[in-house]
1. Can you tell me which residue among Pro239, Pro260, Pro320 is part of a loop (DSSP other than H, G, I, E, B) and either within 14 Å of the ligand (Cβ to nearest atom) or of a type in the set (Lys, Arg) (or both)?
2. Restricting to segment 27-50, name every residue that is touching a helix residue (DSSP H, G or I) at 6+ places or on another chain (Cβ under 8 Å), surrounded by fewer than 18 Cβ atoms within 10 Å (Cβ to Cβ) and in a helix (DSSP H, G or I).
3. Within segment 101-197, which helices (runs of 4 or more DSSP H) (wholly inside it) include 3 or more residues that are closer than 15 Å to Arg86 by Cβ?
4. In segment 207-255, how many are touching a residue at least 60 places away in the same chain (Cβ under 8 Å) and of a type in the set (S, T, N, Q)?
5. Only one of Val54, Val80 is among the aliphatic types (A, V, I, L, M), buried (at least 16 other Cβ atoms within 10 Å of the Cβ) and under 26 Å from the mean Cα position of the chain (by Cα). Can you tell me which?
6. Identify the residue in segment 213-226 that is at positive phi and modelled with pLDDT of 90 or more and, among all such residues, is nearest to the ligand (Cβ to nearest atom).
7. Ala229 is checked against (1) within 20 Å of Leu325 (Cα to Cα); (2) in a helix (DSSP H, G or I); (3) small (Gly, Ala, Ser); (4) more than 11 Å from the ligand (Cβ to nearest atom) and fails just one. What number does that condition carry?
8. With the condition kept exactly as written, say whether any residue in segment 2-19 is more than 23 Å from Ser129 (Cα to Cα), assigned to a strand (DSSP E or B) and modelled with pLDDT under 95.
Amino acid sequence: MPKIVEQWLQKVLDTMGHRTTVTRSQIMSATKLNSASVSHTLQFLLERGIILKVGELQSKAGRHQDVMTLNPEAGYFVAVVLESTRMRFALTNFVGDIRYRWEADVQLGQTLQIREIVAGIEMVLRNLSEVQRLRLAAIGISCPGILSQSGGVTALNLGWKNISLTPELEEIFSLPVYLEHPTHSAIRAERWVGLAQGVRDFIDVMVGHVVGVGVFSNGRFVGGRDQMAGEVGHIRIDPDGSDVCRCGKTGCLEAIVSSPNIFRQYRAKTGLEGSYSGGLRVTDVFERARRHETAAVEVPDRVTRYLRLALSYLVNFLNPELIILGGDLITAEDLLLPSLREQIAANTLPDFVKNLNIAVSRMGLDIGLKGAASLAFRTALNHPEVLKNMCRLVVELHSHSPAVEGSSSVAS
Ligand SMILES: [Zn+2]
């Protein structure tokens, strides 16, 4: 494959990966490639079954254009999400539809076991036919902690130390393995199929067991030297507070607004016995707040106050057009979000809030899996050998391909 064609393929597949259906002229506009290059590339991909013609666009001027889409069964990816207490696995097709899932518990504080990750991946691969297995392109993993260039993972707070994740999995599965921080996975997922499609400046705020903030600015991930930028959870938002954070300091945002800490504050106010993981959950605290139980109301009030303050700092600093909120937080959307815009406006320059959208993620638990699948797809495009593998002839089209749109005209 000549080098120039590789670049055409990367650009065309990347564009098509972001859209459900697309025309030749839309690809030209998105990729900045000339007409001949786009035609050549589309022909190449159509002949191999990597893309499909699914309709025709007819304009008033009488021009016809083919409408094309990625063939969902042209390739498969394994998406893995490693969390503090759970591992999630999925097999996704070429367009990110989840085909099979598998989940397993992780013992909080125990080291990560590679053999358990291998077992999870094998569980989602077991339903693939031999032909489909040949079209398996890459494994994408969303993983917390410090991720080294060589694919190692260290998350000391979780008890994970120098785990050689990528090299071991690549050897076992003979597939490329790509690794990324969960905040980046969330951004990928929202850009791919969520609320941030086509958005160049946004912040993704996940509040759950921890606080994770992903920043996408001027069309790029903001990663910092160690890809750790966005540790907003450790801003000391209440320096005089006594809330002890897992980082060892006090008054960090995470020590106040994360789910275990919401529960901790409620327990302290009520004298309840029990641990975070047993019995009462953070959703129950929110439920009690809705019933106006005094202790339960006081906790969300404090959580909201500091969360709004932290968001206003981010807005001042980054001037985003969109803030997406996710995690356990969204179970209390009705308690936490009213007047959020006004509260942020009170602490920022007025112009920053005028056109600011604040939205709740609708992706639920799939956000990490979708992000990991997107990581696998996008990164594979940049590796010539993997790209070549992805562009081999599709020898078998599968009966469960999604219904094509037929040849009916699409309104222009
Ligand atoms: Zn901290």
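The values are calculated or read from the model by the stated rules, or taken from the named source; none is laboratory data. What you are looking at is a predicted structure, and each value in this text was computed from that prediction instead of being measured. Every residue, glycine as well, gets a Cβ built from its backbone with ideal geometry; the counts of neighbours run over all protein chains shown.
1. That would be Pro239, the only listed residue that is part of a loop (DSSP other than H, G, I, E, B) and either within 14 Å of the ligand (Cβ to nearest atom) or of a type in the set (Lys, Arg) (or both).
2. Met28, Ala30, Ser35, Ser39, His40, Phe44
3. Hits in segment 101-197: 114-125.
4. Going through segment 207-255 one residue at a time, the tally reaches 2.
5. The conditions single out Val80.
6. The qualifying residue nearest to the ligand (Cβ to nearest atom) is Asn218.
7. Ala229 satisfies all of (1) within 20 Å of Leu325 (Cα to Cα); (2) in a helix (DSSP H, G or I); (3) small (Gly, Ala, Ser); (4) more than 11 Å from the ligand (Cβ to nearest atom) except (2).
8. no
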